[in-house]
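Novice: Got a structure for you, written out below as structure tokens; questions coming shortly.
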Amino acid sequence: MSQKILIPGGSGFLGRYLGEFFIQKGYEIYILSRGKAKVEDQMNFVHWDGETLGDWAALMEEVDIVINMAGRTVNCRYTEENKRQILESRLRSTRILGEAIQKAKNPPKIWFNSSSATIYEDTRGASLANDESSSRIGDDFSMGVCKQWEKVFNEAQTPHTRKIILRTAITLGMQGGALPPLVNMAKWGLGGKQAGGQQFVSWLHVKDFARIIDFLMQNEEAEGVYNAAAPNPMLNQDFMQILRKVCGRSFGLPLQTWMLKLGAVMIKTETELLLKSRKVISTRLAKEGFNFEYPTLEKALRACLNLS
């Protein structure tokens, strides 16, 4: 009998990629979504509201692994209402998943919960990269969301379920996320360094994201916090230079901070993704023997764009 994976909030880019990845490995995939119940691309979509126990909770008696990705998108303006929804959607969904696992007589073996590499403070210059032991965690909105999210997860009493937090870097794939707009910018001649280009970018190919989860599933000793980031964070100016090279563009117009902020207002998002300096690595994955298929940015980008 094949093993079953439940992905709450898995209807987006990362969740669907995980579903396809693990279907190829013989798993049955169930996705909790606010949409209608359906079967699509061999994935079973199950309705939930992300806040209360319902019929979906019966799945906790059947599934082997839970990979929680639920939470309102952060690709929006940080109005007070949007910030409230970003925070509460993560806390409520994590809390109710913990309750469902706790009530199950045959609970899942493993519960992965999303977090973000943005939990660490802005890190620039020659400062050491943030690994899982870093105490450089601050108190702005995004860092506060991550801290509260992890706190709710850690407080859940699930003694028969192994728990893992994934602090994930910017994940690269052409099916969604940050890469498609960056590629378009490069192709339109706007792929220069951004806001001076001295902020670090921590990144991860989407296949390595799935491979990390698979690796930790097989490692029965794995639990606690893991950074999900490729081993080579780089300056924004270097990131954009490599992106231009892969896209076949020799020139990219540099974008100043005021330009980015104006553009963010126009497309109703925030500039944090481009302006914050994320310098993150995973010491734990390296020590435990995980090997990245895409350790360098050029190799990752060429794979994303289906280039040899």
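Each value in this text was obtained by applying a stated rule to the coordinates, not by laboratory testing. Please read these numbers as outputs of a predicted model, since none were measured by experiment. Here the Cβ positions follow ideal geometry from the backbone for every residue, glycine too, while neighbour counts run over all protein chains shown.
Novice: Where both partners of a DSSP beta bridge lie in the stretch 65-188, what percent of those bridges are antiparallel, to the nearest 5?
Specialist: Percent antiparallel among DSSP bridges in the stretch 65-188 is about 10.
Novice: In Å and whole numbers, how far do the C-alpha atoms of the stretch 239-308 stretch along each principal axis, longest first?
Specialist: Cα spread of the stretch 239-308 along its principal axes, largest to smallest: 44, 29, 18 Å.
Novice: Sticking with this structure for a sec: Stokes-Einstein diffusion coefficient for the chain at 20 °C in a medium of 1.002 mPa s, Rh from the Kirkwood formula over Cα pairs: what value in µm²/s? Intermediate values should be presented prior to the final figure.
Specialist: On the way: Rh = 20.0 Å.
The calculation lands on 107 µm²/s.
Novice: Considering all projection directions equally, how large on average is the shadow of the alpha-carbon convex hull of the stretch 199-262, in square nanometres?
Specialist: If I average the Cα hull's projected area over directions, I get 6.3 nm².
Novice: Could I ask something else about it? When 1/r is averaged over all different Cα pairs and the result inverted, which Kirkwood radius in Å belongs to the stretch 1-67? Walk me through the numbers before you get to the answer.
Specialist: Working: mean 1/r = 0.0848 Å⁻¹.
Value: 11.8 Å, from the Cα pair sum.
Novice: Could you size up the charge dipole of the chain around its Cα centre, putting +1 on the beta carbon of Lys and Arg and -1 on that of Asp and Glu, and report it in debye to the nearest 20? Could you put the intermediate results ahead of the total?
Specialist: Values: 39 positive and 33 negative charges, 182 e Å.
The dipole of the chain has a size of about 880 debye.
Novice: May I ask for the Rg/Rh ratio of the stretch 124-192, computed from Cα atoms with Rh as the Kirkwood radius, given to two decimals? Walk me through the numbers before you get to the answer.
Specialist: Numbers: Rg = 17.4 Å, Rh = 15.8 Å.
When Rh is taken as the Kirkwood radius, the ratio is 1.10.
Novice: Given the stretch 76-182, what whole percent of its Cα pairs are spread farther than 19 Å?
Specialist: Numbers: 3159 of 5671 pairs.
Percentage above 19 Å: 56.
Novice: Here's something else I'd like to know. Could you work out the mean projected area of the convex hull around the alpha carbons of the stretch 162-308, in square nanometres to one decimal? Don't skip to the answer; put the middle values down first.
Specialist: Working: hull surface 36.3 nm².
For the Cα atoms of the stretch 162-308, the hull's average projected area reads 9.1 nm².
Novice: Just the C-alpha atoms of the stretch 233-274: what Rg/Rh do they give, with Rh taken as the Kirkwood radius?
Specialist: Working: Rg = 11.9 Å, Rh = 11.6 Å.
The Rg/Rh ratio comes out at 1.03.
Novice: For a paramagnetic label modelled at 7 Å from the Cα of Glu80 toward its Cβ, which residues of the stretch 138-178 fall within the zone defined by backbone nitrogen distances under 17 Å?
Specialist: 141
Novice: Here's a follow-up. Could you estimate the translational diffusion coefficient of the stretch 143-239 from the Stokes-Einstein equation, with Rh from the Kirkwood formula over C-alpha pairs, at 37 °C and 0.692 mPa s, in whole µm²/s?
Specialist: Working: Rh = 15.7 Å.
Result for D is 209 µm²/s.
Novice: Which percent, to the nearest 5, of DSSP beta bridges fully inside the chain are antiparallel?
Specialist: Details: 6 of 39 bridges.
The antiparallel proportion sits near 15 percent.
Novice: If you line up the long axis of helix 80-103 against the longest principal axis of the chain, both from Cα atoms, how many degrees apart are they, to the nearest 10?
Specialist: 30
Novice: If you don't mind, another one. Over the Cα atoms of the stretch 1-129, Rg to Rh with Kirkwood Rh, two decimal places? Display every interim value, and only then the final one.
Specialist: On the way: Rg = 16.1 Å, Rh = 15.8 Å.
Rg divided by Rh gives 1.02.
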